Structures are given as C-alpha cells and as structure tokens.
Amino acid sequence: KGVLPDVVSYNTALSACHREGAWNHAMAVLTSMRKSGVDEDVVTYSTLLSICERTNHFERAFSYRDKMIASGIAPNRYVFNALISNCRAAAASVSGYKVRQEWVEKAFRLQRE
C-alpha cells in the first residue's frame, strides 16, 4: 500500500506552503493531516503561525496558539517569535507586547523549576 505520511511529512508539506505563501494549500494539508489521525506537534503550530503571517491571516494566529495549548502542547520560542511577528505585521503592538510578556514570565518560571 505504500508509506503513510506522519507528522514530519505533513510538517514538511506545511513548510513548503509557507515558502510559497499558499494559504489554501496549507489548510488542505492541515485538513488531510487531521483526517488521517496524525496529531499536530509544536513544529506544526509554529509553521501554521508563520503561514498566518506570510499570508496576512493574522487573526488566526492566536486561535492556533489557543488550540495548541488546549492540546497540551507547550509553546516554545519559535511559537512566541511567530506570534510576535504576526502582531508586528498586523501592527498590533499591544498584542505583541502581551506575547513578549508571556514569554518573559514563562522563562522566569522555567528558571525557577
């Protein structure tokens, strides 16, 4: 039957969509991924956030962040940087500051643990 795609395969396809600025293709890849039962990981969400910025879908960025956290996936620095980039690109400096503050608070918590 062949090899079934895994999370790395889907993330690679999403990365290609990012490079090309192909929002509709990215959404098709994400839909296929979910229908196949492959769970997103932090790389998936980081890439989706970068696609949001590249294709001017800034309003979706925070909903992806919320889905990621609800899935139990902890954001990393790439996620926070992508969120800040979305805010900068959308000229939403208040939201960008909020993300930056969240990252600083998380960094301090990690240092204490």
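Structure above, values below:
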| read-out | value |
| --- | --- |
| Peptides ranked, highest mean first, by Cβ atoms within 10 Å: ranges 68-74, 37-43 | 37-43, 68-74 |
| Where the range 1-91 is the region considered: accessible area per residue in Å², 1.4 Å probe | 56 |
| Of all accessible heavy-atom area on the range 1-62, the percent that carbon and sulfur account for (1.4 Å) | 52 |
| Length added when fully stretched, Arg34-Thr12, from 0.36 nm per residue minus Cα-Cα | 6.4 nm |
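The values are calculated or read from the model by the stated rules, or taken from the named source; none is laboratory data. As the structure is a computational prediction, the values presented were derived from the model and not from experiment. For neighbour counting, all protein chains shown are included, and Cβ atoms are generated from backbone atoms with ideal geometry for every residue, glycine included. The accessibility values were calculated without ligands, DNA or RNA, using every heavy atom of the protein model including side chains. Shrake-Rupley method; radii C 1.70, N 1.55, O 1.52, S 1.80 Å.
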